[in-house]
1. Specify the inter-centroid distance of segment B:162-234 and segment A:54-124, based on alpha-carbon positions, in whole Å.
2. Only helical DSSP H runs with n ≥ 4 go in: add -39500 (n - 2.57) per run for chain B, normalise by residue count and round the 222 nm mean residue ellipticity to 500 deg cm²/dmol.
3. Between A:S2 and B:I207, with labels modelled 7 Å along Cα→Cβ, what's the label distance in nm to one decimal, could you check?
4. With a 1.4 Å probe and all protein chains left in place, how much accessible area per residue does the protein assembly as shown have, in Å²?
5. Going 7 Å from the Cα of B:Q223 toward and past its Cβ, which residues in segment B:117-155 have a backbone nitrogen under 12 Å from where you end up?
6. Return the calculated 222 nm mean residue ellipticity for chain A, to the nearest 500 deg cm²/dmol, obtained by summing -39500 (n - 2.57) across DSSP H runs with n ≥ 4 and dividing by the residue count.
7. With a 1.4 Å probe and every protein chain kept in, tell me what percent of the accessible surface of the protein assembly as shown is carbon plus sulfur.
8. If amide hydrogens are placed 1.01 Å from N in the peptide plane, which non-local residues have theirs closer than 5 Å to the one on A:L208?
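The values are calculated or read from the model by the stated rules, or taken from the named source; none is laboratory data. It should be emphasised that the depicted structure is a prediction, and the values quoted were computed from it without experimental measurement. Neighbour counts are summed over all protein chains in view; Cβ atoms, including those assigned to glycine, are modelled from backbone coordinates with ideal geometry. To get the accessible areas, we keep the full protein, side chains included, count just its heavy atoms, and leave off ligands, DNA and RNA. Shrake-Rupley method; radii C 1.70, N 1.55, O 1.52, S 1.80 Å.
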Amino acid sequence: MSSILQTRELAKSFGGIRAVREVNIDIPEHSISSIIGPNGAGKTTLFNLLTGIYKPDAGTIQFNKRSLIGLRPDQVNAAGVARTFQSIRLFPNMTVLENVMVGMHSRLNVNLWSTLLRVGGFNQQEEQVRQRASDLLRFVGLGGKGDEIARNLPYGDQRRVEIARALASDPKLILLDEPTAGMNPNESEVAMRLFRRIRDELTITVVLIEHDMRVVMGISEQITVLDFGQKIAEGTPEMIRTNPHVIEAYLGRRAAGTENEPPKLDTQEEEVVG
Amino acid sequence: MATFAQTPPQQNPIRALFANKYAAIGLAIAYVVITGFLLLTLDQRSLWFPAANMCIFPLFALSPLVILGAPLRTAVKTTLLLVLMLVVVPIIGLVNTTYLELAIQISIFAGLALGLNIVVGFAGLLDLGYVAFFAVGAYLWAMFTSPAETIFLINGWLVPDWAFYIFIFAGVLLAALVGILLGLPVLRLRGDYLAIVTLGFGEMIRILVRNLDSPINLTNGSQGLHNIGRPPIPFGLNELTGGIAQSFTGRTDNIDVLARQVLFYVLAILMLTVIIFLARRLENSAIGRAWTAIREDEVAAIAMGVPLVRMKLLAFATGASFAGAIGVLYAAKQTFIDPSSFVLLQSIQILAMVIVGGIGGIRGVVLGAMIITLLDLHILSNLSQQLQALRNVDYIVPLINFHIRDWPVELEPAKYQPLVFGLILVLMMLFRPAGLLPERRRSLELRENRDDAFTTEIEPINTNEVKPSNSTPR
């Protein structure tokens, strides 16, 4: 399978802290991949580098045979990479439908004159935008909630709005930053089905940052493990489960040394590390 | 009566009465007719005229909002508004020209406030130098028509009066350009920092205008530009105004002046209508949504494909262009402008209109412009006149035996305008932070801090990985 996203020697430091060090990642097209690692491993920084919110100090990012280096976040979005945020960043006082409609911005013909004069297919476009936004809401299971104010929705629904908003830009790749954080096992199960449908029905490549090992192991075709900004392992769930570097990163050197049975990784790592 | 539009439909007897279509039309018309009639029958020689005038004109001024707030069909509302604006107001204004002047001033400032509302209300960019764009438009027209000893006069660049209509568009373009020039350096700034820089920009334009009398005299410096050109009176307006004025007041003098005022009134109303129309179209479009998104969360907006630079510049440019057009009209109406017409206090006054009325909402901003302009030009000055009148007749307040004559001259209400504005703003922030006619979204935003039922849940353990300050485009 060819890779849709490829980073080479990607690096970013904040002051003396090297948040991401020479990371090489290959995300296969039409896959569901996960990026895992302990807190502070640089996962979200990596997402911010990929989406142009941070500028990398060094390295390359190839997306769909095109470099993303130097693009602004909105240009990255237009190129076909959409994302959600670890802390939900909806537009809290807009309606759910409006939130999704904003997500379509980079696909629209936004023109001052056609807006003021309502010519050049302005009304048709608005109608299409509205239609597509409500289709997407139905896709993520929020049909009929379009007119609610985003901040009034329950937490899990807000996560779904964020995903619908990201899907609205018609991306080829969607980056989900801890999409199941704070969900109970049932909700996680539903979310996993949604991720699969995004890949299967919309043929969008999905990359997750995830802490919930049930989700990671249950859904990923490829897992990349970061620790202290470095990639320490990459491979299928089976390979990662037994990789001594990973066990060391999560449980410490002693745990990795007493190999025998690979420890279970199904708890949230905050508890394990702390 | 201002509460018509904002009171929730339930638990309100007025609404219940309005449920009947005919009752609604009747009440709206009755409101306009009663206040208008009271205004016409006020006896100017009466001792209590200033006080009565002070109360009744603002009530009359609210009538467009009463009509808009009434639950009527759009067509009915439009008809009533047209009749009110094009028949009732001009007639009342011709009987007493101060009312016409007030109507013009309200329209001008409402237009300005709506322009600022695009920048501050829609896009959430706090601009304290907005009056600079107003100045750009005003000076553009003034420089090309004033017979002051400027380079324009010396080189024979003056334009004829009819060019006014072209210069309105020139004002739009030039102000938009200046808006972009201001926008470019401040794109990275937000909140307080943006406010400070725009404040400085406003002062810069004013001082520039003051100092541009040497080495080449462009603006005539602090002496200002006088005898600024006015648009020619269209054919027939003189006769029409004269006819109306004669049949209602019996006067036949100064018809020229009256016709000119009527022309400015019509132009101001027309401009305000166009501005409202454009502002509404911008609000309900992808552009308006992008602005709201930027206001709500800049990082999320840019990550969702909203080009921050472009959209912010667009907000600055459109907001500025409204002010530019109105500036041209203002200069023509005042016929004299100097740098002191465009001070910081003016910017703040326009901002106060936006905040008092209800930031972000078009109707609220118009109401705010009405309140602040009336306070400034009508209510406080009438209070002063009333005091003066009572002083002249040595009026004694009953029961407490207070001689009005003993009221210190230093406590003249008109002198306390800034204090009154300050008090109003403080009270607004305390009791109605979202404005008198709050825009739905804005009132939600301002409530955010109080009920944090969600925020506690949403904020995860580690939020410092996405720092908003790093997100501005390079």
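1. Between the Cα centres of segment B:162-234 and segment A:54-124 lies a distance of 34 Å.
2. Rounded to the nearest 500, it is -20500 deg cm²/dmol.
3. Modelled inter-label distance: 6.0 nm.
4. I get 44 Å² per residue for the protein assembly as shown.
5. B:147-151
6. Dividing the helical sum by the residues of chain A leaves -11500 deg cm²/dmol.
7. Carbon and sulfur together cover 60 percent of it.
8. Result for A:L208 returns A:S33, A:S34, A:I35, A:L176.
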